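Peer 1: Would you mind keeping the following structure in view while I ask a few things?
The values are calculated or read from the model by the stated rules, or taken from the named source; none is laboratory data. Computed from a predicted structure; not experimentally measured. So basically every Cβ, Gly included, is an ideal-geometry build from the backbone, and we count neighbours across all protein chains shown. For the accessible areas, the whole protein counts, side chains as well, though only heavy atoms, and no ligand, DNA or RNA atoms are used. Shrake-Rupley method; radii C 1.70, N 1.55, O 1.52, S 1.80 Å.
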Amino acid sequence: MSGAADTVDVVIVGSGAGGAPLAARLAKAGLSVVVLEAGRAFRPDDHVPDELAADIYWMEERLSGGTDATAFGANNSGMGVGGSTLHWGAFCPRPDPRDLRLRSESGQGEDWPIAHDELIAYVDAVERVIGVSGPELYPWDQARRYELPPVARNAPADAMARGCAALGIAATDAPAALVSRDRVQPHWGERRACINCGTCHQGCRTGAKATTDTSWLPLAVAHGAEVRSECRVVDIERDGSGRVTGVVYVRHGERRRQACRALFLCAGGVETPRLLLNLDLANSSGQVGRNFMAHVATQVWGRFDADMRMNRGYPSSLITEDLMRAAGVDHAGGYLIQSLGVMPVTLATNLARGAGLWGQALVDLLDDYNRLGGIGINGECLPSDDNRLTLADETDAFGLRKARIDFSYGPNERAIDGHARRTMTAIWEAAGARDIFAVDRSAHTIGTCRMGSDGDRAVVDADGRSFDIDNLFICDNSVFPSALAANPALTIMALSLRTADRFLATRG
Amino acid sequence: MVTRLFFLHALGASAREWDRVIEELEDVGECVALDLPGFGGSADADLDVAGLVDWLAGQVAARQPQNWAVVGHSMGGKVATLAAARARDGDPAFAGLAAVVLLAASPPAPEPMAEERRAEMIGWFDDGHISADEAATFVDANTATPLPEPLRSQATGDVERSGRLAWKGWLERGSREDWQRAAGTLSVPALIVAGSEDGDLGEQAQRRLNLPHYRDARVEVVAGAAHLLPYEQPAAVAALIREHVLPAFGRALPAPFAALLASDRVSRRTRAVIMERHAAPPPGNVLSPEQRAVLAALVETVLPGGADPVDLAGRIDAMLTSGIGDGWRSADLPADAEAWTSGLDTLDRLAGGFADQTSADRDQLLHAVNDASRSADGAMFDAGQMRLWFAEARAEIARQWMALPATMARIGYDGFAVGGDGPRKQGYRRTAADTIEDWQTLETPS
Ligand SMILES: Cc1cc2nc3c(=O)[nH]c(=O)nc-3n(C[C@H](O)[C@H](O)[C@H](O)COP(=O)(O)OP(=O)(O)OC[C@H]3O[C@@H](n4cnc5c(N)ncnc54)[C@H](O)[C@@H]3O)c2cc1C
Ligand code: SF4
C-alpha cells in the first residue's frame, strides 16, 4: 500500500450534493481538505446526449426487494466528480416548513432537529452560489425571489398550466438550478445560458445546469482543496480509542492511504450506509441502513393531438405546490407536481416496467412518442422499519458486500399515490389529453443514516456528527430523518454548508 | 438516399483497374473510382497514411453520400480501414459508412514485404521514372497468369506513370506505418478478399492482420487470382462486393436521419455511439440457440411489428455476455445471466414450446405470467420469480429497442442533435407544441 504520509484536516468521501459545498466552505476556512471521488472527472463537453451512452451513473449492481422495489442505476445515483448533480434534473423547490415538523403536525413521520428558518438561510446561500432561475413571484412564498428569469416552458408545461388553470390549481414556472442567461461562475468560467436541449439527465454540455464540478468544487480547489477522482474508499482506519485516523482507497487497482483528522462520508444514501455496514462502524444504534425512503414519484401520461416533442426544453419547467397539504385527505404530508420531459429510452423502460405494458399497446405508445405528455409528483415518504438497506451475501469487485434495499409503500404512500393519480388525471383531462394512464415509480435514495437528537434512534446528530465516533461525519441524502416532498438536492447542499459551519464552530 | 461505392486502387494502379468490376455494380449504387494522389495521372504528392485518409475524407465529403461503402485494394485497403476507424470515432466526413470491402488489402500493421523487394521497387525510380520493363515485372509478378491485352498494357502503363513521391512515399513510409491501435476493433461489416495465388497479402496474412480489426467480417478466397484481383477476376470480385454491400445498404438509416447525424448539430462522440449501436451487436455466448429462439419469440410478443426479434435477441445476449447491466436487479432473482437463462427456460416450459405458439397464445401466457398465476413443476423459476423476471425482461427489451438509431428515426426523435463540438451548442429554439425548426426534418409516424 502506498500512502500520503501527510495528515489532512478533512477527508470527504464523495463529491456530490453533500460533499462539495462543505469542501468549499472548509477549504475557505483554511482547513486542508481532500475529496475522494470514486468516479471520473468530466468537462461539460464530454457528456453525450444519449441515454445508454451517458456514463455518469452508478451502475454497480444493487439488489432491490420489497413490494415496491425501487430502481437504481440511471434512475437515481451518479458517479463522477459532481456525483448525482451530474445528472440531476435541477428541479429545486425549497423544503416546506410543515414537512420539517411532520410528526408534530400529523403524528406520523419525524421532525427534523433543525429549524426551518435556519435551514432556509443556508438554502438561500446555496441558491446564490449555484444560480437559480425561477418565476418573479412564487405563489406559495410571496417573499421569495430568484436571481434569474425562468427558463422556457415546453409543451408538457404548457399543457399542465392549461389543465391546472381549468381546475383552479395554481401553477408557475419551476425553480430550476440552471442559468437562463450566461453567467460567470467564480473560479470556473462562463456558464452558458440554457439552450433548451432537454438532456439534463445525460449531463449538461453548456454548464447551464448547476453541478458541483462547475461550482462548489472549483471554489474548494481555489481555496486549496484537492479533489482526487477515481479513488474508491474501501476502508476506514481507526486508532485504539475508535477515532478515525484515515481512509484506504483504491486508485487504478492500487491501494492507498490518506490520513485525516476528521472524515466526512458523503457517498450518498446507498453507499454511505453500505460502507458503514461493511466495516461495522458507527452503528451502536442499529440505525444504519434503516428507514430507507424513496419519494412517491408516480407519473400520469396521455396522448395529445398536438406535436409535443417533450424532449425539447428543460424537462420540468412547471410546478404546483397546491397539493402540499390538500384539503380532506387521509394522508400525512403532501406532494409537488411537475411537468415532465422524458427521453425515449427512459420512457420505454418506465412504460414496460412501471405501467406493465407490452404488445401492440406498448409499440403504439412508443411510436406516438412525439405526441405524449406527462406530469409527475414528488411525494412524501414516511420512514418505516420495514424499509431498509442491508448487506447481500454477494460481494463487489472490491470484496465489499453489495447493498440490498427492501422498499414497500405503506398506507400513507399508497394514499398519496392514489390521490396524486386522481389529481393528475383530472389535470390531464382538463389539458386535453387522451388515453390517460399512470406509471408507478419511486425516486431518490433517502434516509439510512438519519440525524436526530437521540443516539439510540439516530446515527448522527443535527450537526452530522456520529454519536459513536466524534470525528466521523455524514452529510448526504442518508441523514434525512424524513423524506420532505421537495426534491432533495437543494436541501442536501444547504445541510452541507450548515454541517461545515457547525464543524468549524465546534472543533476544538 | 444517396448511395455510393468508393473504390481505392492499389500501388501503381489507377481508377481504371476497377472498370470491369464497376460495370457489374451500377445498379448497387453510384460507383466512384478514385485516383489516389500521384497515381493515374493525378498530381504527385508526398502523403503519409494520415494524409491519404484526409484526402479520402475530402473526396467523400464532397460527394455527401448518406449511405456508402468503401472498397480498398492493397494500399487502398489500409486507407479504407483507417477511414472506417475515423467513421467509428464520429468523424462527420465519414458518416454513413455502411460496409467495407478489402481486396488483398494492406493491413493497419506494417505490411509484410521482403526488404530486397522493397529496395528493388524503390530503386526503380533511381533513374527518374519506372521503365516499361520494370512495370511489366511488377504487373506479372502480381498476377497468377499474365493479364490478357489490352489489360496488361493498361496496368503496366499505370505503373509507369506513378508519381515518384507517391510511389516512394508508400514503400518507404506508408506501408511501414503502424496504425493498429488507431484501427482498433471495427463493427462495420467487412468483406475481406484474398487471391488464392497471392504471396505476402494472401489469405494467411489477411486472417492474421486484417481480420482481427473487424468484429463482423467474412474472409473469401478467389481462385485463379494473385494480387491484382480487380484485373484478374472482375466478375467474381463484383459478385462478392454485391453480395456484401447490398444487405448493408439495406440496413441504412433513412436519408434525413443520416444527414442530421452527419451535421454539425451532433458531436463526434454522439455520432460514434449512435453508429456503433446501429451496427450488428458483438456475438453473445450466454444464451443457447434454443434460448435465443425463445427470446426472439418473446421480443416479437413484447414489441410486435417493432423490433427485429433476432437482432434484439442478439443484443440482449451481447449485453448479458458483457456483464454490464442496468445497475440493479430484483433481490429475488439471481444474477442477470442466470436470471435470463432460467426465465427463458421456464417460459418455454410453461408454454410447452414458446416459440412455436401463435402470438395470441404467447400473449395470453404472458398475462398469466404477469399475474403470477402460472407455474410448472420442476421449472427453474416459481410464479413469483417469473413475474419479476418478465418485468425485467420487457423493460430490457423496450430499453434496447428504443435506444436503436432506427427506432429514433422511426419515431421522429431528434434529441441527439442538440449540440455539436463547437463552443456554442445549438439546443432547441422552439419548445412549444406544434412549433418546429427548419432543421427538424425527421417525420413522425402518423
Ligand atoms: C435522474 C435523476 C434526477 C434527479 N433530479 C433531481 C432534481 O431534479 N432535483 C433534486 O433535488 N434532486 C434530483 N435528484 C437527486 C439528487 O441528484 C440527489 O439527491 C443528490 O445528488 C444526492 O446527493 P448525495 O450527496 O447524497 O449523493 P451524490 O450526489 O450521489 O454523491 C455521492 C458521490 O459519492 C461517490 N462515492 C460513493 N461511494 C464512494 C466511495 N466508496 N468512494 C469514493 N466515492 C464514493 C459517488 O461516486 C458520488 O459521486 C435526481 C437524481 C436522479 C438520479
Ligand atoms: S436543458 Fe438546459 S440545463 Fe438542461 S442540459 Fe440542456 S442546457 Fe443544460
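Peer 1: Going residue by residue through the stretch A:275-284, is there one that turns out to be more than 16 Å from ligand 2 (Cβ to nearest atom), of a type outside the set (Asp, Glu) and under 11 Å from residue A:479 (Cα atoms)?
Peer 2: First, the residues of the stretch A:275-284 that are more than 16 Å from ligand 2 (Cβ to nearest atom): A:275-284.
Restricting the remaining residues to those that are of a type outside the set (Asp, Glu) gives A:275-279, A:281-284.
Filter once more, so that each one left must be under 11 Å from residue A:479 (Cα atoms): none.
So far as the stretch A:275-284 goes, no, none of its residues is more than 16 Å from ligand 2 (Cβ to nearest atom), of a type outside the set (Asp, Glu) and under 11 Å from residue A:479 (Cα atoms).
Peer 1: Can you confirm whether the stretch B:182-191 contains a residue that is among the β-branched types (Val, Ile, Thr), within 23 Å of residue B:51 (Cβ to Cβ) and open to solvent by less than 50 Å² (accessible area, probe 1.4 Å)? Spell out how you get there, then give the answer.
Peer 2: Initial filter on the stretch B:182-191 (among the β-branched types (Val, Ile, Thr)): B:185, B:188.
Among the residues that remain, those that are also within 23 Å of residue B:51 (Cβ to Cβ) are: B:188.
Checking which are open to solvent by less than 50 Å² (accessible area, probe 1.4 Å) leaves us with B:188.
Looking for residues that are among the β-branched types (Val, Ile, Thr), within 23 Å of residue B:51 (Cβ to Cβ) and open to solvent by less than 50 Å² (accessible area, probe 1.4 Å), one finds at least one in the stretch B:182-191, hence yes.
Peer 1: Also, I was wondering about something else. Which number in (1) within 14 Å of chain A (Cβ to nearest Cβ); (2) touching a residue at least 24 places away in the same chain (Cβ under 8 Å); (3) in contact with a helix residue (DSSP H, G or I) (Cβ under 9 Å, 6 or more places away or on another chain); (4) part of a helix (DSSP H, G or I) marks the one condition that residue B:384 misses?
Peer 2: (3)
Peer 1: List every residue pair whose Cβ atoms lie under 8 Å apart, where the two residues are 6 or more positions apart in sequence or sit on different chains, the first residue falls within the stretch A:194-207 and is touching a residue at least 12 places away in the same chain (Cβ under 8 Å) and of a type in the set (Lys, Arg), and the second residue, located anywhere, is assigned to a loop (DSSP other than H, G, I, E, B) and within 14 Å of ligand 1 (Cβ to nearest atom).
Peer 2: Pairs found: A:205/A:47; A:205/A:199.
Peer 1: Something else about it: Where residues in the stretch B:332-357 are open to solvent by less than 20 Å² (accessible area, probe 1.4 Å) and not in a helix (DSSP H, G or I), which of them is nearest to the other protein chains (Cβ to nearest Cβ)?
Peer 2: My answer is B:333.
Peer 1: Moving on. Looking only at the stretch A:61-119, count every residue that is under 30 Å from residue A:226 (Cβ atoms), within 16 Å of ligand 2 (Cβ to nearest atom) and of a type in the set (A, V, I, L, M, F, W, C) and tell me the total.
Peer 2: Within the stretch A:61-119, residues that are under 30 Å from residue A:226 (Cβ atoms), within 16 Å of ligand 2 (Cβ to nearest atom) and of a type in the set (A, V, I, L, M, F, W, C) number 5.
Peer 1: Looking at A:214, A:206, which one is near ligand 2 (Cβ under 7 Å from one of its atoms) and at pLDDT 95 or above? Step through it out loud before you land on a result.
Peer 2: Values: A:214 fails: near ligand 2 (Cβ under 7 Å from one of its atoms).
The conditions single out A:206.
Peer 1: Hey, does the stretch B:281-300 have a residue that's within 14 Å of chain A (Cβ to nearest Cβ), open to solvent by 10 Å² or more (accessible area, probe 1.4 Å) and part of a helix (DSSP H, G or I)?
Peer 2: Checked against the condition, which is being within 14 Å of chain A (Cβ to nearest Cβ), open to solvent by 10 Å² or more (accessible area, probe 1.4 Å) and part of a helix (DSSP H, G or I), the stretch B:281-300 yields at least one hit.
Peer 1: Would you mind telling me which numbered condition in (1) assigned to a helix (DSSP H, G or I); (2) within 21 Å of residue A:291 (Cα to Cα); (3) small (Gly, Ala, Ser) residue A:403 fails?
Peer 2: So the condition that residue A:403 fails would be (1).
Peer 1: What number of residues in the stretch B:262-272 are closer than 23 Å to residue B:215 by Cα and either free of Cβ contacts under 8 Å to residues at least 24 places away in the same chain or open to solvent by less than 30 Å² (accessible area, probe 1.4 Å) (or both)?
Peer 2: Of the stretch B:262-272, the ones closer than 23 Å to residue B:215 by Cα are B:268-272.
With either free of Cβ contacts under 8 Å to residues at least 24 places away in the same chain or open to solvent by less than 30 Å² (accessible area, probe 1.4 Å) (or both) added as a condition, the list becomes B:270-272.
The total comes to 3.
Peer 1: Name, by its number, the condition in (1) crowded, with 19+ Cβ neighbours inside 10 Å; (2) modelled with pLDDT under 95; (3) of a type in the set (A, V, I, L, M, F, W, C) that does not hold for residue A:34.
Peer 2: (2)
Peer 1: Would you call residue A:29 touching a Leu at 6+ places or on another chain (Cβ under 7 Å), surrounded by fewer than 20 Cβ atoms within 10 Å (Cβ to Cβ) and under 23 Å from residue A:185 (Cβ atoms)? Even if it seems obvious, please write down each step before you answer.
Peer 2: Values: touching a Leu at 6+ places or on another chain (Cβ under 7 Å): yes; surrounded by fewer than 20 Cβ atoms within 10 Å (Cβ to Cβ): yes; under 23 Å from residue A:185 (Cβ atoms): yes.
Criteria met by residue A:29.
Peer 1: Among the residues of the stretch A:214-227, is there at least one that is closer than 30 Å to residue B:413 by Cα, open to solvent by 10 Å² or more (accessible area, probe 1.4 Å) and either within 16 Å of ligand 1 (Cβ to nearest atom) or away from chain B (no Cβ under 12 Å) (or both)?
Peer 2: Restricting attention to the stretch A:214-227, the residues satisfying the condition of being closer than 30 Å to residue B:413 by Cα are A:214.
Applying the additional criterion that residues be open to solvent by 10 Å² or more (accessible area, probe 1.4 Å) yields none.
No, every residue in the stretch A:214-227 fails to be closer than 30 Å to residue B:413 by Cα, open to solvent by 10 Å² or more (accessible area, probe 1.4 Å) and either within 16 Å of ligand 1 (Cβ to nearest atom) or away from chain B (no Cβ under 12 Å) (or both).
Peer 1: Looking at the stretch B:411-420 only, could you name the residues that are facing chain A (nearest Cβ under 7 Å) and either in contact (Cβ under 8 Å) with a residue 60 or more places away in the chain or part of a helix (DSSP H, G or I) (or both)? Let's see the steps before the verdict.
Peer 2: Within the stretch B:411-420, the subset facing chain A (nearest Cβ under 7 Å) is B:411-413, B:415-416, B:418-419.
Once the filter is applied, which keeps residues that are facing chain A (nearest Cβ under 7 Å) and either in contact (Cβ under 8 Å) with a residue 60 or more places away in the chain or part of a helix (DSSP H, G or I) (or both), the stretch B:411-420 yields B:411, B:416, B:418, B:419.
Peer 1: Still on this model: When only residues in the stretch B:142-167 that are of a type in the set (S, T, N, Q) and in a loop (DSSP other than H, G, I, E, B) count, which is most open to solvent (accessible area, probe 1.4 Å)?
Peer 2: Narrowing the stretch B:142-167 to residues of a type in the set (S, T, N, Q): B:142-143, B:145, B:153-154, B:156, B:162.
Those still in the list that are in a loop (DSSP other than H, G, I, E, B) too: B:142-143, B:145, B:162.
Details: B:142: 22, B:143: 13, B:145: 92, B:162: 9 Å².
It comes out as B:145.
Peer 1: Oh, and also: Is there a residue in the stretch A:469-485 that is crowded, with 24+ Cβ neighbours inside 10 Å, within 16 Å of ligand 2 (Cβ to nearest atom) and at pLDDT 95 or above?
Peer 2: no
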